[in-house]
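The values are calculated or read from the model by the stated rules, or taken from the named source; none is laboratory data. These figures come from a predicted structure and were not determined experimentally. Counting neighbours? That spans all protein chains shown, and the Cβs are built from the backbone with ideal geometry, glycine included.
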Amino acid sequence: MLRIIDSYYVKSAVEPADYPASAYPEFAFSGRSNVGKSTLINLLTNHHGLAKTSGTPGKTRLLNFFLTRYKIDDIEETGFVQLTDLPGYGFAEVSQKEQERWRRMVNKYFEQRSQLRSLFVLVDIRHAADKKDIQMLEMLRTRNVDHCVVATKADKIPKTKHKKVLAELAKGLGLRDEPIYPVSALKNTGITQLTDFLQSRL
């Protein structure tokens with residue numbers, strides 16, 4: 001089992017020239033504004049406050065890079081991975097110009113960050129498949145970017161309904177072989193599946 005045992009903020013960037021130099025495998029977090037990307041990073045690293053959270057959608061406007069050290073307990077292996085918090089998309093109150101700037105910034109990241117191993121695409125389990133999420137997944141398939149879907153706020157619906165809701169969400173998102181994992185930051189559940197997924201991509 002993989003555990004993240006140490007983590008810290010490295011820097012924020014917009015242009016590839018400003019990305020932190022790194023030889024470590026990288027995993028990014030994407031999703032609509034306020035879906036819980038920063039919260040998930042804090043939960044995954046067990047480091048409250050590592051990624052700044054906000055109740056204001058659109059708060060994250062840069063690529064935020066974090067370096068983490070992990071340990072795989074059963075084989076006593078340690079190593080490093082980098083996590084990247086991408087700007088949220090789909091927030092209506094942000095101008096079209098700003099949204100286009102974000103789109104270009106994220107596209108450059110996908111094109112030029114060769115150490116990117118996989119992307120966690122976050123969706124809200126309470127809502128039907130969203131057009132913006134579908135577009136993101138289609139773009140990832142076109143670019144052959146490995147990814148999985150994380151259904152956040154899983155505590156908001158009864159656990160007995162998870163299977164049905166996740167199946168409906170997967171169908172609506174047009175998922176093919178991509179896995180979908182329910183996670184609750186409030187109840188601290190679902191993280192083992194994500195760390196197992198992360199370990200499988202190292």
Return a yes/no flag: does segment 31-50 have any residue that is under 17 Å from the mean Cα position of the chain (by Cα) and assigned to a strand (DSSP E or B).
yes
For segment 104-149, how many residues are touching a Gly at 6+ places or on another chain (Cβ under 6 Å) and basic (Lys, Arg)?
1
Condition test on GLY79, is it farther than 19 Å from SER33 by Cβ, modelled with pLDDT of 90 or more and small (Gly, Ala, Ser)?
yes
Among residues of segment 105-135, those that are more than 14 Å from TYR89 (Cβ to Cβ) and surrounded by fewer than 16 Cβ atoms within 10 Å (Cβ to Cβ), counted
8
What are the residues in segment 68-77 that are β-branched (Val, Ile, Thr) and surrounded by 13 or more Cβ atoms within 10 Å (Cβ to Cβ), if any?
THR68, ILE72
I need a count of the residues in segment 24-54 that are exposed (fewer than 14 other Cβ atoms within 10 Å of the Cβ) and either touching a strand residue (DSSP E or B) at 6+ places or on another chain (Cβ under 9 Å) or under 23 Å from GLU100 (Cα atoms) (or both).
2
Search result, residues across segment 105-128 that are under 16 Å from the mean Cα position of the chain (by Cα) and among the basic types (Lys, Arg)
ARG113, ARG117
